[in-house]
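Bear in mind that the values in this text are calculations on the coordinates, not laboratory data. Remember, it's a predicted structure, so these values are computed and weren't measured experimentally. Positions of Cβ are backbone-derived with ideal geometry, glycine not excepted, and every protein chain shown enters the neighbour counts.
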Amino acid sequence: MTEPILRTDSITKYFGAVKASQDVSIELRPGEIHALIGPNGAGKSTLIKQIAGNMTPDAGRIWFDGRDVTQLGTVARARAGLGRTFQISSLAMEYTVLQNVVLGALGRDGGVMSFLRPAMKDKALVAEAEAALERVGLIDLKSTRTADLSHGQRRQLEVAVALTLRPKAFLMDEPMAGLGASGSKRLTGFLDGLRAEAPILLVEHDMDAVFALADRISVLVYGEVIATGTAAEIRANPDVRTAYLGEDA
Amino acid sequence: MTMIRETYVNAAIMLLLLGIPVWAHVAGQPFTITLATKVAILAMAGVGLNIALGLGGMVSLGHAVFFGIGGYSMGILAHHAQTFTPLMEVPLLIEGTKFMPVIWVVAVAVSALVALAIGALSLRTGGVYFIMITLAFGQMFYYFAISWPAYGGEDGLSIFVRNDFPGLNTLVPIQFFAIAFVALSLSLTLSHLIARSRFGLALGAARQNAERVQTVGLDPMRVKLVAFVISGAITGLAGALFADLNRFVAPTMFSWHLSGELIIFIILGGIGRLFGPVVGAGLFILLEHFLGGLSEFWLIYVGAILLGVVLFARGGLIGALSGREVAHD
């Protein structure tokens, strides 16, 4: 078995007496899409925040690309190669689409203490940004103000910014939300191809997308992983059926 | 389109600021030149603040600290030079100076250092707390200056002869204006370049959404701190020039009224607009001059204008003249 890119090692997080994460151990292996599903309030967001570095677990360790990153913040984890997209789009809304993506390219390049050279005339940064916009299908909107984009387009833009980081792993929090049927289908096709570049830890409510994409699925209920397996295994798991998928699954 | 119009508006403002004192020089109206010099210097202080406030979203109500530090850098160095006393003898001998370039370097360096210290502490907070903590630092410096008898305390320091600049007679109003005008032009150029640079892109993003900047692996606090230091240094240099204009330094240079006035310049002119502080300072000084002659309560009118701008012209006067800001490319 290949070494996982990302691994949580029995992480636990309490909010007062509430166990938001309990002994969670999941792995993201090279080339895979690992979906994380669970009903509302299952602790998915808390888990994502611990993986991204917004929160530190009370117990347990997080490994990324062979390093213990448990104590690192969001900036250091992004620099280490974790490409994140948000459940609620988090972009520079006054900037154009292209400026947001150039910011991503700048983040990867790292030369931010440059005060005189114009950023948007930097051929390397702009080329990288435009290539990413091309891939997500937003290139025609590159001069649009980000605030004027639809929710779905903002999602695509976040993915484009994440691409410019050339991450070692993607952490995507509900990328399908707000996309509509056709957009969701397009993004599903896109993520399908993306896993070869870097594995994706995908939190998603769109079950069609999850079952179409995921190599493995982990089911989180009350902060605990109750099952991990292939789509077929998860469908057949009786605990999952009662806890989450309900009658129609 | 609006971008091009704003360039014309900016050029017209600079021509006006240059043309009026040149005319006054020819017409023999030195007081008008002094007014224009005051506008140029206060505008420069505003350009400094605009980098923190407009580009970086840091509402500093303590920028008079840097203005005052620039002023006292000039005052202390020139005071020692005119009284022929060394600034310090142990461990090494430091003499005062009347040489402007040296004074400027000192003003910029000390302002930058203080901005680094104040910024590092203040940027741990945000929003209203940031405003309050910068105000608190301002008050600390103000009362420190008042209670420092060696340099005049409450009465301040008078410098009898304006400091020297090679090749110029700085006592001739138009020649000192030239210095202030060039300094303002350079600070505007720097501000323009920074806004469009890689640093400026990250700074603008840090203002809009710190989380976004972190997600691409950049530290928004570090970017903001550097911007705060640059901002403080420019305002500090303006303070040194202001002290030289008046040949006088007093604790009022540190006062929060002045910090507030700098913010008013920016709001009047247009937050984050390159020439916002220039228009704002110009309008403020004109109102002070003309309305101040009519009534000592002239600030009431400034208040009314400020209210009008905030309610009806969100882009300030520059915005009203040249339209909504377009995202730059």
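Calculate the length of the line joining the C-alpha centroid of the stretch B:261-329 to that of the stretch A:186-249, in whole Å. Comparing the Cα centres of the stretch B:261-329 and the stretch A:186-249, I get a distance of 57 Å. How would the stretch B:1-64 be classified by its alpha-carbon gyration tensor: rounded, prolate or oblate, with rounded meaning a/c under 1.5 and the a/b versus b/c comparison settling the rest? Oblate, since a/c reaches 1.5 and b/c is not below a/b.
Between B:Ala304 and B:Ile4, what is the label-to-label distance in nm when each label sits 7 Å out along the Cα-to-Cβ direction? Label at B:Ala304, label at B:Ile4, 3.9 nm between them.
Given the C-alpha centroids of the stretch B:74-114 and the stretch A:130-159, what is the distance between them in whole angstrom? The stretch B:74-114 and the stretch A:130-159 have Cα centres spaced 54 Å from each other.
For the stretch B:233-241, putting each phi into the Karplus relation 6.51 cos²θ - 1.76 cosθ + 1.60 with θ = phi - 60° gives couplings of 5, 5, 5, x, 4, 4, x, 4, 5 Hz, in residue order, rounded to whole numbers and with x for Gly and Pro. Restricting the stretch B:257-329 to trypsin sites (Lys or Arg not before Pro) that sit in a DSSP loop and have at most 15 other Cβ atoms within 10 Å of their own Cβ leaves B:Arg314, B:Arg324. Alpha-carbon geometry of chain A: the Rg and the Dmax are 18.3, 62 Å, given in that order.
For A:Asp148 and B:Trp148, a Förster radius of 56 Å and the Cβ-Cβ distance give a FRET efficiency of 0.55, rounded to the nearest 0.05. Using the Cβ-Cβ distance between B:Asn169 and B:Ser295 with R0 = 41 Å, the FRET efficiency computed as 1/(1 + (r/R0)^6) comes to roughly 0.65. With each label modelled as a point 7 angstrom along the Cα→C-beta vector, the A:Ile88-B:His257 pair spans 4.4 nm. If R0 is 25 Å, what FRET efficiency do you get for B:Phe312 and B:Leu18 from their C-beta distance, rounded to 0.05? Efficiency, from the Cβ-Cβ distance: 0.25. Pairs of lysines in chain A whose Cα atoms sit within less than 19 Å of one another amount to 7, provided the residues are eight or more positions apart or on different chains.
Kirkwood analysis of the protein assembly as shown, using all unique Cα-Cα pairs, places the hydrodynamic radius at 26.6 Å.
For the stretch B:216-285, the direction-averaged projected area of the alpha-carbon convex hull comes to 5.8 nm².
For the peptides B:217-225, A:176-184, the ranking by packing is B:217-225, A:176-184, with the highest mean count of neighbouring Cβ atoms within 10 Å listed first.
Taking amide H positions as modeled 1.01 Å from N, with prolines and chain starts lacking one, the residues under 5 Å from A:Val69 and 5 or more places away or on another chain are A:Ile62, A:Trp63, A:Phe64.
Remark: spin-label model distance B:Val161-B:Ala136 equals 4.6 nm, labels positioned 7 Å along the Cα→Cβ axis.
Can you give the log10 of the normalised intensity I(q)/I(0) at q = 0.17 Å⁻¹, computed with Debye over equal Cα scatterers of the stretch A:92-165? Each listed q maps to, in turn, -0.54.
Listed by Cβ neighbour count within 10 Å, with the fewest neighbours leading, A:Trp63, B:Trp104 appear as A:Trp63, B:Trp104. Proximity of backbone amide H atoms, modeled 1.01 Å from N, is registered between A:Arg117 and B:Arg198 at under 5 Å, excluding neighbours fewer than 5 places apart on the same chain.
Annotation for the stretch B:218-325: GluC sites (Glu not before Pro) lying in DSSP loop with at most 13 further Cβ atoms inside 10 Å of their Cβ are B:Glu296. Counting 0.36 nm for each residue step from A:Ser25 to A:Asp68 and taking away their Cα separation leaves a gain of 14.0 nm. Taking the Cα atoms of the stretch B:38-171, the ratio Rg/Rh between the radius of gyration and the Kirkwood radius comes to 1.01.
If you sort the three axes of the alpha carbon gyration tensor as a ≥ b ≥ c, you get a/c of 1.5 or more for chain B and a/b no higher than b/c, which makes it oblate.
Its DSSP H runs of at least 4 residues, each contributing -39,500 (n - 2.57), put the calculated 222 nm mean residue ellipticity of chain A at -10000 deg cm²/dmol, to the nearest 500.
The mean sequence distance of close C-alpha pairs (under 8 Å, at least 6 residues apart), as a share of the length of the stretch B:2-322, puts its relative contact order at 33 percent. Under a 5 Å amide H cut-off, with hydrogens placed 1.01 Å from N, A:Glu224 pairs with A:Gln22 among residues at least 5 apart or on other chains. Shown here for the stretch A:165-229: trypsin sites (Lys or Arg not before Pro) in loop regions (DSSP other than H, G, I, E, B) with at most 12 other Cβ atoms within 10 Å, of which there are none. Karplus-derived 3J(HN,Hα) values for the stretch B:180-195, using 6.51 cos²θ - 1.76 cosθ + 1.60 with θ = phi - 60°, are 5, 5, 5, 4, 4, 4, 5, 5, 5, 4, 4, 4, 5, 5, 4, 4 Hz; glycine and proline are entered as x.
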